[in-house]
Amino acid sequence: MNLDPADIEVLKEGYLLAALSPPEFDQVLAHASVRKLAPNECLFDQGDPCTHFFFVLSGIVKLCRVAPSGEEKVMDLVRPGHYFAEAVMFMGGRYPVYARALDATRLVALDNRHFLGLLGSNRDLCMRLLSTMSQRIHGLINEIDHLTLHSGAQRVIGYLLEQLPDGDAPGSVRLRVPKHVIASRLGIQPETLSRVLAKLRTGHLIDVHDDMIVLNDVEALRRLS
């Protein structure tokens, strides 16, 4: 497996494997593999048997669900340092979404059967994993609150602030995914996203240069969000 020491350290810090002891981590790694995806390449389709969960090393993976009407809903944009499909591992069955790379992407595929076998033979590991997953659930609940209780403008501002690498400092945010994908992820129409950006630009809170957005007043944006 082509993992360099930096990759391994990042993987160790992911919430799911952080609960493992060094020998347990080495066992999981022995049953894992690195996969590379080209832009727009599909990793798995909705309805495929769930055999692996994944950790993103670089790039972005789009998770989408297709409704019976054919409409697509972006469920998540998975960035480096994050897992996906781990919940399906515990439920068994098939992937409820499809996964497609938006950029050139490297990820680690971890074997479900081996990982569940490791948990089944180690009660202490199960308790450690429950603790880390509980923290993850709290974070997801906060995200659901944000998407359901906040206006479209607040969702857009929150998204921009999350992309800002330097916290409170003014800076630039590059929109690495198409605007219609961002709109779907935020649960708004693309026209709403365009209107919000135009309003923020008119108020001199942001400047827009193609796919680069300059956040001129981070504190004001935080108050609005």
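The values are calculated or read from the model by the stated rules, or taken from the named source; none is laboratory data. Just so it is clear, the structure is predicted and the values come from calculations on it, not from any experiment. Cβ: placed from backbone, ideal geometry, glycine included. Neighbour counts: every protein chain shown. Accessible surface is based on the protein model in full, side chains and every heavy atom, while ligands, DNA and RNA are left aside. Shrake-Rupley method; radii C 1.70, N 1.55, O 1.52, S 1.80 Å.
Things to note:
- Restricting attention to the range 1-15, the residues being assigned to a loop (DSSP other than H, G, I, E, B) and open to solvent by 40 Å² or more (accessible area, probe 1.4 Å) number 4.
- Number of the exception - Thr105 against (1) more than 17 Å from Val177 (Cβ to Cβ); (2) within 15 Å of the chain's Cα centre (by Cα): (1)
- Index of the failed condition, Phe44 passing every other in (1) touching a helix residue (DSSP H, G or I) at 6+ places or on another chain (Cβ under 6 Å); (2) hydrophobic (A, V, I, L, M, F, W, C); (3) modelled with pLDDT of 90 or more: (1)
- The lone exception for Val34 - which of (1) of a type in the set (Val, Ile, Thr); (2) without any contact (Cβ under 8 Å) to a residue 40 or more places away in the chain; (3) farther than 23 Å from Pro165 by Cα it fails: (2)
- If you go through the range 208-225 and keep only what is over 18 Å from Arg176 (Cβ atoms) and either at pLDDT below 85 or surrounded by fewer than 17 Cβ atoms within 10 Å (Cβ to Cβ) (or both), you end up with Asn216, Asp217, Glu219, Ala220, Arg222, Arg223, Leu224, Ser225.
- Just one residue in the set Ala30, Ala19 is farther than 30 Å from Gly187 by Cα and either loosely packed, with under 14 Cβ neighbours inside 10 Å or of a type in the set (Asp, Glu) (or both); that residue is Ala30.
- Screening the range 65-122 for strands (runs of 3 or more DSSP E) wholly inside it with 1 or more residues that are open to solvent by 30 Å² or more (accessible area, probe 1.4 Å) and more than 21 Å from Leu186 (Cα to Cα) returns the ranges 105-111.
- Residue, surrounded by the most Cβ atoms within 10 Å (Cβ to Cβ), within the range 184-207, restricted to residues that are aliphatic (A, V, I, L, M) and in contact (Cβ under 8 Å) with a residue 24 or more places away in the chain: Leu200
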